[in-house]
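Inspection log for the structure reproduced underneath, given as structure tokens.
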Amino acid sequence: PLPRRARPGKRYHRPVSERPSVSVVLPAFNEEGGVAEVVTGLAAALKGADLSAWELLVVDDGSTDGTAAAAEKAGARVVRHPVNMGYGRSLLTGAGAARHEWLLFLDADGSYRPDEAVGLLAHAAGCDMVVGARQGSLFWGSPSKAVLRFIQLKLSAFVAGMTIPDTNSGVRLVRKAALEAHLPVRCYGYSLSTTMTLSFIQQSLFVKFVPVSYDPRKGSS
């Protein structure tokens, strides 16, 4: 199921929670080699956080390896796509299946550190989305990729009317109610992250960027 969409112009209620609840959503396609380590690392970080409730949800996007079995063995709840549908569709499937107030989106390839991902919750008060802004040379990549990323960030800043350090980070904390009410365009591919960032900013929602590490992924992209 997909998150429900509110009527145009309808505002959602932003609850004040002393101890929030969070659903961690990990989209995964052929991540058998790394998903278990990511799940166990997140579970340890979540146990140390002051939360009222949490869950780990892996969306197996039509994998042809043992991704689902590895995730379940590590303790995650798994939702499966019968065929590969893409990154954005996986995030929306996870959001629709999530049980809690906050959605913590995180890649299942080990490129983000579990403690830093869960640490985004410390910045959640009053916000609608907290984006982990990637740092370091891996984020910028090769000289040619760095030029393209620079152009993309400048275009995004022009559209949004503000500086954006990272539009399409794979780690972000989002209020589920805000996603349901304020994501006007359904992007089922990789561009969902960028659409989410720009859409929230243009609708004057509260978006905060927090620096995070960005490590080499496990397996092939």
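Tabulated results
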{"quantity": "Residue in region 115-132 that is outside any loop (DSSP other than H, G, I, E, B), surrounded by fewer than 19 Cβ atoms within 10 Å (Cβ to Cβ) and touching a strand residue (DSSP E or B) at 6+ places or on another chain (Cβ under 6 Å) present", "calculated": "yes"}
{"quantity": "Enumeration of residues in region 170-217 that are at pLDDT below 90, assigned to a loop (DSSP other than H, G, I, E, B), under 21 Å from residue 146 (Cα atoms) and of a type in the set (Ser, Thr, Tyr)", "calculated": "190, 191, 214"}
{"quantity": "Which listed residue is of a type in the set (S, T, N, Q), in contact (Cβ under 8 Å) with a residue 40 or more places away in the chain and touching a Pro at 6+ places or on another chain (Cβ under 8 Å), from 23, 111", "calculated": "111"}
{"quantity": "Output for region 79-96, where each listed residue is assigned to a helix (DSSP H, G or I) and either open to solvent by 50 Å² or more (accessible area, probe 1.4 Å) or hydroxyl-bearing (Ser, Thr, Tyr) (or both)", "calculated": "87, 89, 90, 93"}
{"quantity": "Those residues of region 72-110 which are among the β-branched types (Val, Ile, Thr) and closer than 30 Å to residue 126 by Cβ, in sequence order", "calculated": "93"}
{"quantity": "Of the criteria (1) among the aliphatic types (A, V, I, L, M); (2) part of a helix (DSSP H, G or I); (3) within 24 Å of residue 109 (Cα to Cα), which one residue 159 fails", "calculated": "(3)"}
{"quantity": "Some residue of region 137-155 being assigned to a loop (DSSP other than H, G, I, E, B) and either touching a helix residue (DSSP H, G or I) at 6+ places or on another chain (Cβ under 8 Å) or touching a residue at least 40 places away in the same chain (Cβ under 8 Å) (or both)", "calculated": "yes"}
{"quantity": "Selection from region 156-169 of residues that are out of contact with any helix residue (DSSP H, G or I) (no Cβ under 7 Å at 6 or more places or on another chain), surrounded by 12 or more Cβ atoms within 10 Å (Cβ to Cβ) and not charged (D, E, K, R)", "calculated": "157, 165"}
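The rows are residues; the columns are (1) farther than 23 Å from residue 178 by Cβ; (2) within 18 Å of the chain's Cα centre (by Cα); (3) of a type outside the set (A, V, I, L, M, F, W, C).
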residue: 22; (1), (2), (3): no, yes, no
residue: 25; (1), (2), (3): no, yes, no
residue: 43; (1), (2), (3): yes, yes, no
residue: 53; (1), (2), (3): no, no, no
residue: 73; (1), (2), (3): yes, no, yes
residue: 80; (1), (2), (3): yes, yes, yes
residue: 91; (1), (2), (3): no, yes, no
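Rundown of residues vs (1) open to solvent by 30 Å² or more (accessible area, probe 1.4 Å); (2) under 26 Å from residue 197 (Cα atoms); (3) in contact with a helix residue (DSSP H, G or I) (Cβ under 7 Å, 6 or more places away or on another chain), yes/no style:
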| position | (1), (2), (3) |
| --- | --- |
| 19 | yes, yes, no |
| 33 | yes, no, no |
| 51 | no, yes, no |
| 54 | yes, yes, yes |
| 57 | no, yes, yes |
| 60 | no, yes, yes |
| 77 | yes, no, no |
| 101 | yes, yes, yes |
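The values are calculated or read from the model by the stated rules, or taken from the named source; none is laboratory data. Because the structure is predicted, anything quoted here is derived from the model rather than measured. Backbone-built Cβ (ideal geometry, glycine too); neighbour counts: all protein chains shown. Accessible surface areas use protein heavy atoms only, side chains included; no ligands, DNA or RNA. Shrake-Rupley method; radii C 1.70, N 1.55, O 1.52, S 1.80 Å.
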